[in-house]
Every structure is written in structure tokens, then in C-alpha cells.
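Have a look at the structure below, then the notes.
The values are calculated or read from the model by the stated rules, or taken from the named source; none is laboratory data. Being a predicted model, the structure only gives us computed values, none of them experimental. Cβ atoms come from the backbone with ideal geometry, glycine included; neighbour counts cover every protein chain shown.
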Amino acid sequence: MKRISLSLLTLAIGFIATLNIFADIVAPDSVAGRAIIGTMTSPKVETVSVIFGDTTFTDSLGEYGTYTWAKLDASHCVLTMTQQEPGDNNGDVSTLDLAFKNNFSGGITGQVAFSGGGSKPLKGTFTLDITGPTLTITSPKSGLHLSSGDFTAVGASKDNVSVASVFYQLNGGVWTPASTTNDWKNWSAGNLHLFPGTNTFSAYAVDTSTNYSGTNTVKFEYVVTNTLTVQIVGKGAPAPNYNGKALAINNNFTMKAVPAPGFAFSYWSGGVPMSTNRSLTFTMSTNLVIIANFRDVARPVNVILFPKVNTQSTNSDIIVTGKAHDNAGVSSVWVQINTNDWAEAGTINSFTNWSATNLTVISGANLVRAFAVDAAGNVSLTNSIKFIGVLAPTSLSGYTAVAKPSNSKQGIVMSWGDDTWAQTGTGSDTNANDYCAGSYAYRQTGPHTALLTNIDIGMMSALGTTNVTAVNLTFTSLTAGNYAWSNGTGSGSGTMTFSRVSNLVPASLAGKTLTARNTKIAFAGDGTFTESKAGSLVGYGTYTFTQYSPTVAMLQLNWTDPNDAGAVAYVEMTFASATNINIAQSWYSNPSFGSYPDDWGLATGTIK
């Protein structure tokens, strides 16, 4: 009689961690990569396990072939299998109706159609393979001590259907497939390279339904010894003293640094991370050298001899000198000027005297600092000296200056922003040429000299014309100097007094009102203004407001009302405070290139 194929469904349900048999039944959409255990009652009683691939199957009876799977509803599926192994069963087709009574088992009904003709009914029950395999590690055992660094681990595994593979891991490395010669009844992991000290070996098995065993882990020791070298710098000793002792590789040991009288422990170094903790716990390694550093506890003494406190220097760089001494000898002196990098000083007599050269001086306050280090690493107190550098400033931004001509003419005031400048007259100066604004360039030409190029862009007089003035500056102190100027119209000279000034100019006039000469000009945020006198509107138009220095801004008024349409006024505003201003105004009724103002005047006012 022909042997009837009893191959059945599998379902890998490794994801079912907690299975509720009373939950809604959900039959699988596919059986690829899964297995089932079937118990048949007809045509004969027997138990068979079937493993499914994508389109093929094999069973525990040695049969194989192709299959199709159709899910009818949530609890019914139809499985059709065609046998392909040589012999009488080749071509037999089994059609099975699988009725799930829960998510992992149910009943089987169907029939097998023989390739030679005829058929027989099939009946039984099935259970999905949800049982994980088991795995044991035979060797190594936990706590094993080995003297060889190469090792082969072995073990055993089994499953109710079939073990598919075993994976192992050594010391947290990658999981690697093991080897077998008897379908995973026994397995091995060879060519394991052990670490000196504690090693950790783990392994797990996977069956053909992707059920996993638990992960087994063992810890064992690879014992290798080596001689420790402890070196001493200064005076002291470790306790216990492991110097020259054979210690186990990768095992931990502890030593405490004990300084000799008059010395203090400094730090551990050598083959361990540098540490200032007197107690050192280290892991033994091959050819390990540990250095215990002890130092003299006395600080060296350091003194700056030059420059003297609060003296003035007219040089762009200086030589700082000093002296230092220590009971065990000074090893170095370090010097810093301002925020520059620390520089090592030089000496010809072991730092009894020292010097640091080519230190760059800045204009104004300078700070020199210095400290000494002895051979044991002790650091002196840091000494500091303040002195004044009388040099041309590196920038005029944020400065204002009063210029007094040598020909006794009335003085003027200049002030500078980052790249713009402004000039105003002093007192009741009504010379429109003394009021201007524009851009500038500045550069040092020597330690005490600089070239200033002021560019007037022509707003207060000679409308739209550009006037470039070159000013050679010679600084005699931080706040004073001489100047000589020249441009296309003439030349002159005089003295200047410089000072720093805070920013007083507002960022915008929007929402503010300018009051001067009984006139109020109100500025809107959209760039328009209205002019009124005694409460009556007398004009309106558009405006621009531009800052030229920390204290000076230029207001341009463009009238658009019928009475003054086309007229332009340039108002140079010098802020004495945030709200009080001095005003110089040029009025052009019919502005054109090169024209002079039709009206010009000075006033004081407020901006609020």
C-alpha cells in the first residue's frame, strides 16, 4: 500500500510571549518559514512534523514537495501539497482543511488524491510549533581556569521538531554561527582567542519555526602572569610594594602612595591613566610600568622686575625681566601679556634671572603676569604688573576727539563708528563746512602714528559732492596727539584730544517726536513725518535716519506737502544725552548736485 503524505501547516510564533486562548482566532496568512506537528487518526494513527519553505515542504517522514496556502476566513485555511520525492508517492496531492479552534491548534479534515488514481480521507488534529529548543554548554564550565589562550567550546541542543542553528558570542563580540556534524545534537565553536583574565561565553539555539532557546552564559578565567615594574620619582614608596612581583594579567590590584618626610604625592603615571589620587587601582597588563611621582612641597618664589607698576611704555613691544628661586631648583618661568598665549621665559643662570622678549604692547592698560615652576611641579603664586602703553589705537571706533587748529580758528569735534564718522563745530560755529558726515578709513603707520582718511559725502553743504581729507595722526599720550590734514581745498594742523564715548543714538526715530524752535516733527514707523507749529500742521513728507558715530546721526527730511514739495533738509543731530540734542540744519528748497543750502542754522532740541 502507498504511504500517505501527512505533511501539515507550521506557524513560527516566537512573537507570542503571552498567548490568550480566549482571544479572537486569527489564522496565519502564510506558513513560509514555519512548522506544525500533526497527529493523524485516519487513515492511520501517526504523528508527523512538517517544515515549510516559501513554496516547498519537508516532513519528518522524509517526504517533500511543493505546496499552496489559502486563507478562507479568520479560522479556516486550505493547504494543498504535492509530493515530489521519487517512488510511489510522487505526484500525490493532499488537500487539507485546517479549522483553528484557537491561535495555535485545531482540527484537520481532507483527502489525499493518489497519482495512480483513487483517494482516501484524512482526519486528525494539529498543533503549531511554539516550543523553543534547549541548549547546554558542555565546555567551558563556569569558574574554569585555563593556561592556553586558544580554546574550543562545545555543547548540545535539541528540539521537538528540528534545531536550525546555534549562535555563540565571546566577550561581547558579534554573534557567530556554531558548527555541527549531527544536526545540532552536538555543536562546537572553535578557534576562540581568549583575553587574559575573565572571559564570558554565551550561546543560544533557534529551531526551524524561529523559536529561540534561552541564552546560556558561562564565565571562566584565562590566567597569565607578568612582572610589574614600579618606578619612583622623588622620595616615597607604594604600599604594598608590588615592584618585581609576578601578577595575574587583567586582574585588579591596589597600591597606595606613601610620601617620604618633606615630600608630597603628586600623581601616578606610566602605563596607567594619570591620577592624583594616592590610592591607585590598576589592571595588570603585559610589561606594565607604573611611576609614582612625589614632589617637594615648597613653592618657588617669582618676582617681576620690569616693567614697573603704572609706568608708561612708548614701545610697541617690551622685554619683561624678573628673578626666581626654589629650594630644589626652578625648572621654568612662564610669562603672559594681556590675553596672549603664555610664553616660556629664557635664562642663562637657572632662572636666578629670566627674561621674556618680543611681548606685544597695546594702547592703554596692559597686564603682565608670570609664574615659576620647580622641578617637582610646584607652581609659584602668579605675580602681575599693570602698566600703560602709549601707542596709536588699533581702531577709532567708539572715540570722539576735539581738534584745535594751530591757526587759532575755532575747534571742531569728530567722532567715529565702526566705518562711519561725523564732524560738528563747537560753540556757535555757523560755518556749514565744519558740519559733515560720511565714511572713513584708519590704519596704524607706526607705534605712535596713524593715517586717518575722512570722506564727507556732501549733505550739509555743496550737496552731493565728495570731499576726501587725509589726516596724519601722531599720538603723544593715550588721549592726546598732533594732526596734519590736507585735501583738495587746503591743509592745516593742530592738536587733538581723544576720549571714549558711550552710544547715545537711538536705533530708530519711529514713534518719537523732535522738538526744536517751537516746531514739532513726529516720526512714524513707516518712514513718514508730520511737522506742526503751535498745534497746527504745517508740512509732511518722508524721512531717513542714519547713525554715523556713537553721538551723531543724520536726519534727512523730504517734504511732499503742497507748500514745500521737493524741498530737502539735512539735520545733523549731536546727542548730548539720550533725549537732548544739538542740531545743525541745511535746507535745500530746490536740491541739485553741488548746490548750497538756502537756509542754514543751529538749534537745540529734544527727541522723545
**Report entry** Any pair with Cβ under 8 angstrom, 6 or more apart, that starts in region 45-56 at a residue that is in contact (Cβ under 8 Å) with a residue 24 or more places away in the chain and under 9 Å from V161 (Cα atoms) and ends at one that is part of a strand (DSSP E or B) and among the polar types (S, T, N, Q)
**Finding:** V50/T58; I51/T58
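Would you mind stating whether T276 is within 34 Å of the chain's Cα centre (by Cα) and surrounded by fewer than 16 Cβ atoms within 10 Å (Cβ to Cβ)?
Working: within 34 Å of the chain's Cα centre (by Cα): yes; surrounded by fewer than 16 Cβ atoms within 10 Å (Cβ to Cβ): yes.
Taking the combined requirement at face value, the residue satisfies it.
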Report summary line: F114 meets each of (1) without any contact (Cβ under 8 Å) to a residue 60 or more places away in the chain; (2) over 30 Å from T152 (Cβ atoms); (3) in contact with a Gly (Cβ under 9 Å, 6 or more places away or on another chain) with one exception, condition (1)
Query raised in the report: Can you list the strands (runs of 3 or more DSSP E) found entirely within region 438-505 that contain at least 2 residues being of a type in the set (V, I, T) and not assigned by TED's automatic domain parsing to the domain that holds V568?
Result: 449-456, 467-475, 490-500
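Quick one: is V402 under 40 Å from the mean Cα position of the chain (by Cα) and not charged (D, E, K, R)?
Details: under 40 Å from the mean Cα position of the chain (by Cα): no; not charged (D, E, K, R): yes.
No.
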Query - Odd one out for A534, checked against (1) crowded, with 18+ Cβ neighbours inside 10 Å; (2) aliphatic (A, V, I, L, M); (3) over 22 Å from D434 (Cα atoms) - result: (1)
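Yes/no matrix, rows are residues, columns are (1) among the polar types (S, T, N, Q); (2) part of a strand (DSSP E or B); (3) surrounded by fewer than 17 Cβ atoms within 10 Å (Cβ to Cβ); (4) more than 60 Å from the chain's Cα centre (by Cα):
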residue: G87; (1), (2), (3), (4): no, no, yes, yes
residue: L122; (1), (2), (3), (4): no, yes, no, yes
residue: I130; (1), (2), (3), (4): no, no, no, no
residue: T136; (1), (2), (3), (4): yes, yes, yes, no
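Please pick out the residue among T466, T430, T445, T453 that is in contact with a Ser or Thr (Cβ under 9 Å, 6 or more places away or on another chain) and surrounded by fewer than 21 Cβ atoms within 10 Å (Cβ to Cβ).
Being in contact with a Ser or Thr (Cβ under 9 Å, 6 or more places away or on another chain) and surrounded by fewer than 21 Cβ atoms within 10 Å (Cβ to Cβ) holds for just one of T466, T430, T445, T453, which is T453.
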Query raised in the report: Yes or no: V78 within 18 Å of T125 (Cα to Cα), surrounded by fewer than 16 Cβ atoms within 10 Å (Cβ to Cβ) and modelled with pLDDT of 90 or more?
Result: yes
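What tally of residues in region 414-427 results from selecting those that are more than 17 Å from V468 (Cβ to Cβ), surrounded by fewer than 14 Cβ atoms within 10 Å (Cβ to Cβ) and either touching a strand residue (DSSP E or B) at 6+ places or on another chain (Cβ under 8 Å) or free of Cβ contacts under 8 Å to residues at least 12 places away in the same chain (or both)? Even if it seems obvious, please write down each step before you answer.
Restricting attention to region 414-427, the residues satisfying the condition of being more than 17 Å from V468 (Cβ to Cβ) are 415, 417-418, 424-427.
From what's left, surrounded by fewer than 14 Cβ atoms within 10 Å (Cβ to Cβ): 418, 426-427.
Right, trim to either touching a strand residue (DSSP E or B) at 6+ places or on another chain (Cβ under 8 Å) or free of Cβ contacts under 8 Å to residues at least 12 places away in the same chain (or both) and you get 426.
Counting residues in region 414-427 that are more than 17 Å from V468 (Cβ to Cβ), surrounded by fewer than 14 Cβ atoms within 10 Å (Cβ to Cβ) and either touching a strand residue (DSSP E or B) at 6+ places or on another chain (Cβ under 8 Å) or free of Cβ contacts under 8 Å to residues at least 12 places away in the same chain (or both) gives 1.
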**Report entry** Residue that is surrounded by the most Cβ atoms within 10 Å (Cβ to Cβ) [pool: residues in region 394-413 that are free of Cβ contacts under 8 Å to residues at least 60 places away in the same chain and under 27 Å from N315 (Cα atoms)]
**Finding:** L396
Report task. Scan (1) without any contact (Cβ under 8 Å) to a residue 40 or more places away in the chain; (2) assigned to a strand (DSSP E or B); (3) among the polar types (S, T, N, Q) for the single condition S350 breaks and write down its number. Result -> (2)
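For residues that are of a type in the set (F, W, Y) and either assigned to a loop (DSSP other than H, G, I, E, B) or under 30 Å from S275 (Cα atoms) (or both), tally how many sit in region 205-256.
3
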Report summary line: Picked from region 159-180 (must be within 20 Å of I36 (Cβ to Cβ), of a type outside the set (G, A, S) and not in a strand (DSSP E or B)), the residue modelled with the highest pLDDT is D159
Query raised in the report: Can you tell me which of N503, N472, N467, N487 is at pLDDT 95 or above and closer than 21 Å to A441 by Cβ?
Result: N472
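T80 - would you say it is under 16 Å from I36 (Cα atoms) and assigned to a strand (DSSP E or B)?
Values: under 16 Å from I36 (Cα atoms): yes; assigned to a strand (DSSP E or B): yes.
Considered against the rule, which asks whether it is under 16 Å from I36 (Cα atoms) and assigned to a strand (DSSP E or B), T80 comes out as yes.
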Query raised in the report: Across region 138-158, what is the total count of residues that are of a type in the set (S, T, N, Q) and not in a strand (DSSP E or B)?
Result: 3
Report task. Given the conditions (1) crowded, with 19+ Cβ neighbours inside 10 Å; (2) within 28 Å of P591 (Cα to Cα), report the number of the one that S508 does not fulfil. Result -> (1)
